[in-house]
1. Modelled label-to-label distance, L12 and D29, 7 Å Cα→beta-carbon offset: nm?
2. Between T84, T96, T32, where does the largest GNM mean-square fluctuation fall for the chain, given springs only between Cα atoms within less than 10 Å?
3. Would region 12-74 count as rounded, prolate or oblate if I go by the C-alpha gyration tensor, calling it rounded below 1.5 in a/c and otherwise prolate when a/b exceeds b/c, oblate otherwise?
4. Got a sec? How would S26, S101 order by Cβ neighbour count within 10 Å, fewest to most?
5. Could you identify which residue out of A75, A49, A111 has the top mean-square fluctuation in a GNM of the chain using Cα springs shorter than 10 Å?
6. With r defined as the distance between the Cβ atoms of V87 and Y40 and R0 fixed at 30 Å, what FRET efficiency is calculated, to the nearest 0.05?
7. Using θ = phi - 60° and the Karplus curve 6.51 cos²θ - 1.76 cosθ + 1.60, what whole-Hz ³J(HN,Hα) does each residue of region 71-77 get, with Gly and Pro shown as x?
8. Starting from the amide H of T84, placed 1.01 Å from N in the peptide plane, find each other amide H under 5 Å away whose residue is 5 or more places distant or on another chain.
Amino acid sequence: MRPAAVLLAILLLPACRNYDTYGRVSNGDGLTPGDQFARYGREQAQAVAIARQFAAERQGSSPEDRARQLEAAIAFARKQPDVTNVVADSQAYWLTLEFRSGWRTAVTPLADGTDAAATPNLQAAPAVAPAP
């Protein structure tokens, strides 16, 4: 009976879940493609660019690497002209963004091979006229 239990355990071992979820989160399968979503509007383009930069900042899977990735992604998000607030979830892979219009969205890393700066519909901040 004992050899059968050991054999069963060995056969079931490959069915165990891998707890490194980054690959499943960042591949974007099943979602609207980043370039298509970016064409919906300026804020959507900024969200896609932030997601792409979030993926580009990945250096490793240690807690220190994850913290550096989050810090770099937050810094990039704060440089976007319409982003007013960024909240990071340190236990998962997402940022919650709040835009000037009041729209809130969560972004996960988007590792689609496109540079954040090459995101369609991503425009520079509008020039502010000097005060008279």
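Coordinate-derived values only; no laboratory data. Everything numeric here is computed off the predicted structure, so don't read it as measured data. Every residue, glycine among them, receives a Cβ derived from its backbone with ideal geometry; neighbour counts consider all protein chains shown.
1. Once both label points are built, they end up 2.6 nm from each other.
2. So, out of T84, T96, T32, the one fluctuating most is T32.
3. Oblate.
4. Ranked by crowding around the Cβ, least crowded first: S101, S26.
5. A75
6. About 0.85, to the nearest 0.05.
7. Using θ = phi - 60°, the values come out as 4, 5, 5, 5, 4, 5, 5 Hz.
8. Under 5 Å from the amide H of T84 lie the amide H atoms of E98, F99, R100, each far enough along the sequence or on another chain.
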